[in-house]
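**Q** Please find one structure pasted underneath; my questions will follow.
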Amino acid sequence: MCGIIGITSNKSVSAAIINSLRKLEYRGYDSAGIATLSNNEIFELKAEGRVDNLEKNLSISNMKGNVGIGHVRWATHGIPNNINAHPHSSDTVSVVHNGIIENSTILKKFLVSKGHNFKSQTDTEVIVHLLTEYLKTDELIVAITKTLKQLHGSFALGIIFKKQPDLLVGARRGSPLAVGYGPNENYLGSDSYALKSMTNKITYLDDGEFCLLKKDQVEFFNAYGKKINKKVLELSSNEAIYDKGDFKHFMAKEIEEQPITLKNGIREYVDNINNDINIYNFPWQISEISSIMLIGCGTAYHACLMAKYWFENLTSLDITVDIASEFRYRKNKFKPSTLYVFVSQSGETADTYAALDLCNKNNAKTCAIVNVIESSIARDSNFVLPIHCGPEIGVASTKAFLGQMLILYMMGLKLGFMNKDINKIDYVNKIKDLKKLPELISQTLLTDDKIQTVTATFNKAKGSMFLGRGFSYPIALEGALKLKELSYIHAEGYPAGEMKHGPLALIENGMPVVVLAPRDDYYKKTISNMQEVIARGAKVLLITNKSKDEVFSENIWETIEVETSNNDLLPFLLTIPLQKLAYYSALKKGYDIDKPRNLAKSVTVE
Ligand code: AGP
């Protein structure tokens, strides 16, 4: 949720820290700050809002120093302002933190009783004063291990010390933290994306570990202060360092990239010679699996809901779906024959990771479907199916959603075939249809004009509904989420068949309602539901697929027809107009499309 960077170097670090903070802003942007150490003095600078504000102040300050830390914040404790911005410092140490210290109130009481003065409302500040307290009597490693032991909750930390001229310390429990190796300098970062412009050699800390970095030395320690060895990973350096290119926003670019990213995903998994789907070293016999549980948050959860329909059609396995933040606290009955699948673009979502961790503690079979293959969820799952859609920067997930659905669909196809639930002919035909999907998406992306004409009505309305049945229901939920998170308008996704059980009371004259009614098995029923809302004054935007049959209904406000495909693939196509509706609605409102208010790209706290 917050972003951390640290650098220890043979040259001044403030500019490089600011540059890295820009790459981390997608993790949070309520406030930003930097601290450097020079001539045994800690220099600290903070600003509310974006990194730009920090940089403006930086130009007027003298942020000297060859070791420093930086932070972009998504507020958890204490309002977003200068005082609560990180770093937090005493006259001994300066700290940046990502995570939540759950026992900060008790620790603060103890430290105040020891004479420590707190400036902020944050939980983080207790770390500063604990370290300061222990350093009065203990040497460095002991002070660090004692401090970390006192903390309950999650943290990724970057720390500099007034009396340690070129030392940078990192520590991790529950929130990701990576070490990067450079020429005459070394780095700390919340994720590899922040470090990629400086190095592709990365080591990830695991929970309970901490590290001591100097410009020419890196040491790792376990929670007891014992030195340990860690692997150095070489990241794929062909990952383009993204910029928006000709697009106004990352989200616009990522929507338009979907034909390419789907083609990449299909190429990664479809064996064209044998007309087969290759899930590589799947570590289990299909006979060992009788049920599958799909787990995710937000858009990833919607991909799981979508996959349930596919898996039910393609396999005889029992399929359940759960929201990660609910699953992690349930009284789950773990069975050896259940495969738990964790879907996550970032691979760092705290709730999804906690659900995975719970499964690992119960020796369950786990599989990750992620976009960031170096992520914690990927690293700690038994098996990984990467999405391969490249870094997704826009906070509102688009190409990763279609990528998640693609991997899930191919997984359902493959398991259904392995389980002999679908025959070879159907299997091969569905693979052939799947290969047409990128072109169908390209065609559907052209539905721009009508979408732009309807956004004004959505923007003026006090709320809207998105309705669908069967396959279209999860897509209705996703369309509503997109509109909510981008244009801050209330929008509700609902099963079309459920409207008569209460929500129909919401419908009033002129209310915009999106009805997803492709010509699938639910079409006629959904059209009936559509007529029910039209009869009560709704302005219906009907999204269906091209067909020679007319839609038999009057007073439809607008109709958008997506391309036609086999029914399995319609959910991909129906999503496109909904992504664009949310995008153009936010554009018309002049909102920040890539960084919507109150949100962050990777939710690494509960
Ligand atoms: C999607 O538009 C949202 N930004 C959000 O719901 C996101 O899908 C959710 O936080 C899960 O993130 P993950 O896929 O990285 O785990």
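**Q** As an exercise: evaluate Val321 against (1) touching a Cys at 6+ places or on another chain (Cβ under 6 Å); (2) free of Cβ contacts under 8 Å to residues at least 12 places away in the same chain and give the number of the one condition it does not meet.
**A** (2)
**Q** Restricting attention to region 547-606, which residues are over 22 Å from the mean Cα position of the chain (by Cα), of a type in the set (D, E, K, R) and either surrounded by 15 or more Cβ atoms within 10 Å (Cβ to Cβ) or part of a helix (DSSP H, G or I) (or both)?
**A** Glu558, Glu561, Glu563, Asp568, Lys588, Lys589
**Q** Going by what's in this entry, would Leu358 be described as surrounded by 21 or more Cβ atoms within 10 Å (Cβ to Cβ) and modelled with pLDDT of 95 or more?
**A** Answer is no for this residue.
**Q** Consider region 380-400. How many of its residues are touching a Phe, Trp or Tyr at 6+ places or on another chain (Cβ under 7 Å) and under 22 Å from Asp206 (Cβ atoms)?
**A** So the answer is 2.
**Q** Criterion first (hydrophobic (A, V, I, L, M, F, W, C), surrounded by fewer than 24 Cβ atoms within 10 Å (Cβ to Cβ) and within 19 Å of Phe311 (Cβ to Cβ)) does Leu385 satisfy it?
**A** Criteria not met by Leu385.
**Q** Is it fair to say Ile576 is under 25 Å from Lys430 (Cβ atoms), at pLDDT 90 or above and touching a strand residue (DSSP E or B) at 6+ places or on another chain (Cβ under 9 Å)?
**A** On the way: under 25 Å from Lys430 (Cβ atoms): yes; at pLDDT 90 or above: yes; touching a strand residue (DSSP E or B) at 6+ places or on another chain (Cβ under 9 Å): yes.
Yes: the conditions hold for Ile576.
**Q** Ok, one more. If you go through region 280-295 one residue at a time, do you hit one that is at pLDDT below 95 and within 16 Å of the ligand (Cβ to nearest atom)?
**A** no
**Q** May I pose another question? Would you mind finding the one in Tyr269, Tyr353, Tyr301, Tyr309 that is away from the ligand (no atom under 16 Å from the Cβ) and at pLDDT 95 or above?
**A** Tyr309
**Q** Additional query: Considering only residues that are within 17 Å of Leu578 (Cα to Cα), within 10 Å of the ligand (Cβ to nearest atom) and outside any loop (DSSP other than H, G, I, E, B), which ones fall in region 364-403?
**A** Ala400, Phe401
**Q** Can you pull out every residue in region 288-313 that is closer than 30 Å to Ala354 by Cβ and among the polar types (S, T, N, Q)?
**A** Ser290, Ser291, Thr299
**Q** Looking at Glu239, is it within 16 Å of the ligand (Cβ to nearest atom), of a type outside the set (Val, Ile, Thr) and at pLDDT below 95?
**A** In short, no.
**Q** Can I ask one more? Among the strands (runs of 3 or more DSSP E) contained in region 114-219, which hold 1 or more residues that are under 26 Å from Asn39 (Cβ atoms)?
**A** Details: elements: 155-161, 168-173, 178-182, 185-189, 201-204, 210-214.
Output list reads 155-161, 168-173, 178-182, 185-189, 210-214.
**Q** Kindly indicate which of Lys136, Lys163 is in contact (Cβ under 8 Å) with a residue 60 or more places away in the chain, out of contact with any strand residue (DSSP E or B) (no Cβ under 7 Å at 6 or more places or on another chain) and farther than 24 Å from Val232 by Cβ.
**A** Testing whether each residue is in contact (Cβ under 8 Å) with a residue 60 or more places away in the chain, out of contact with any strand residue (DSSP E or B) (no Cβ under 7 Å at 6 or more places or on another chain) and farther than 24 Å from Val232 by Cβ leaves just Lys163.
**Q** Continuing with this model, one more query. Looking at (1) more than 30 Å from Ile431 (Cβ to Cβ); (2) among the acidic types (Asp, Glu); (3) surrounded by fewer than 21 Cβ atoms within 10 Å (Cβ to Cβ); (4) modelled with pLDDT under 95, which is the one condition that is false for Asp191?
**A** (3)
**Q** Can you pull out the residues in region 1-35 that are at pLDDT 90 or above, under 16 Å from Leu45 (Cα atoms) and part of a loop (DSSP other than H, G, I, E, B)?
**A** Result: Ser12, Val13.
**Q** Every residue in region 251-310 that is buried (at least 22 other Cβ atoms within 10 Å of the Cβ), small (Gly, Ala, Ser) and part of a helix (DSSP H, G or I), please.
**A** Ala252, Gly265, Gly298, Ala300, Ala303, Ala307
**Q** Would you be able to say whether some residue in region 534-546 is assigned to a helix (DSSP H, G or I) and more than 16 Å from the ligand (Cβ to nearest atom)?
**A** yes
**Q** Being surrounded by fewer than 21 Cβ atoms within 10 Å (Cβ to Cβ) and in contact with a Phe, Trp or Tyr (Cβ under 6 Å, 6 or more places away or on another chain) is the filter here, so list the residues in region 443-481 that pass it.
**A** Selection gives Gln452 alone.
**Q** Could you tell me which of the residues Thr132, Thr122 is under 27 Å from the mean Cα position of the chain (by Cα) and either modelled with pLDDT of 95 or more or β-branched (Val, Ile, Thr) (or both)?
**A** Thr122
**Q** Against the definition (at pLDDT below 95 and either within 14 Å of the ligand (Cβ to nearest atom) or touching a Leu at 6+ places or on another chain (Cβ under 8 Å) (or both)), how does Asp592 come out, yes or no?
**A** Here the answer is yes, as Asp592 does meet what is asked.
**Q** Within region 277-298, how many residues are more than 17 Å from Ala378 (Cα to Cα) and touching an Asp or Glu at 6+ places or on another chain (Cβ under 6 Å)?
**A** Residues meeting the conditions: 2.
**Q** How about region 276-297: which of its residues are in contact with a helix residue (DSSP H, G or I) (Cβ under 7 Å, 6 or more places away or on another chain) and within 17 Å of Ile407 (Cα to Cα)? Steps first, please.
**A** So in region 276-297, the residues in contact with a helix residue (DSSP H, G or I) (Cβ under 7 Å, 6 or more places away or on another chain) come out as 277-279, 286, 292, 294-297.
Of everything in region 276-297, those that are in contact with a helix residue (DSSP H, G or I) (Cβ under 7 Å, 6 or more places away or on another chain) and within 17 Å of Ile407 (Cα to Cα) turn out to be Ile277, Asn278, Ile279, Ile292, Leu294, Ile295, Gly296, Cys297.
**Q** Taking the options Gly78, Gly49, Gly65, name whichever one is within 19 Å of Ile127 (Cα to Cα) and either in contact with a strand residue (DSSP E or B) (Cβ under 9 Å, 6 or more places away or on another chain) or in contact (Cβ under 8 Å) with a residue 24 or more places away in the chain (or both).
**A** Gly78
**Q** Still on this structure, I have one more. Considering region 265-295 alone, what residues qualify as being at positive phi and touching a residue at least 60 places away in the same chain (Cβ under 8 Å)?
**A** Quick first cut of region 265-295, residues at positive phi only: 275, 280.
Matches in region 265-295: Asn275 only.
The values are calculated or read from the model by the stated rules, or taken from the named source; none is laboratory data. Note that the structure is a prediction, hence the values are computed from the model and not measured. Don't worry about glycine lacking a Cβ; one is built from the backbone with ideal geometry, like all the others, and counts go over all protein chains shown.
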